[in-house]
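Below is one structure, written out as structure tokens, with a few remarks after it.
The values are calculated or read from the model by the stated rules, or taken from the named source; none is laboratory data. What you see is a predicted model, and the numbers here were worked out from it, not measured in a lab. A quick note on method: Cβ atoms are made from the backbone with ideal geometry, for glycine too, and the neighbour counts reach across all protein chains shown. What goes into the accessible areas is simple: the full protein's heavy atoms, side chains included, and nothing from ligands, DNA or RNA. Shrake-Rupley method; radii C 1.70, N 1.55, O 1.52, S 1.80 Å.
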Amino acid sequence: MILVGQYDSPVTRRVAIALHHYGIPFTRDTRSIFGDAAAIGRISPLTRIPALVLDDGEVLIDSASILDHLDEQAGDAALIPRSGPQRRRVLQMTALAQGTLEKVAAVVYERHFHPPNTAAPSGWIAALARHALVSTN
């Protein structure tokens, strides 16, 4: 297996931790979407990381999908309960954490690809930017 993504990405680290936890051997492709978006796009149709290239060549994208596959392979050692209130609680907490992360990542992405005075962020990105300015002053 090949894990595509850099460890500065929390979602890539999340998958790597699960792979280590399960004792599943893997190699890493550390290309970055910022440094080599075209190559990442050939692996992941959304040009997002992480991606996991399985030994048969199938590519899994999105950390939740990858972790679901790994849990399926792990059987009784799965990190997420198979059913019931415990499963729903883990999935709910994961969704909250992931949603927060995506909002922060969107701001970083916008700032990286749209330097000041070249784009006018709207909606929640502008609100977050205003909040950040108020919070740090």
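Some points to look at:
- Between L91 and S32, the FRET efficiency from the beta-carbon distance, with R0 = 41 Å, is close to 0.90.
- Surface calculation, 1.4 Å probe, protein heavy atoms: T27 sits at approximately 80 Å² accessible.
- Accessible heavy-atom area order of H20, H69, H112, highest first, probe of 1.4 Å: H20, H112, H69
- Under 17 Å from the A77 label point (7 Å along Cα→beta-carbon), backbone N, segment 1-16: 1, 15-16
- Equivalent-ellipsoid semi-axes for segment 1-112 (Cα gyration tensor, √(5λ), whole Å, largest first): 24, 19, 11.
- Cα-Cα P(r), segment 46-92, percent of pairs per 10 Å interval: 25, 46, 25, 4
- With one equal scatterer per alpha carbon and no solvent term, the Debye-computed log10 I(q)/I(0) for segment 1-55 at 0.25, 0.26, 0.31 1/Å reads -0.95, -1.01, -1.30.
- Of the trypsin sites (Lys or Arg not before Pro) found in segment 1-97, those in coil by DSSP whose Cβ has at most 15 other Cβ atoms within 10 Å are R82.
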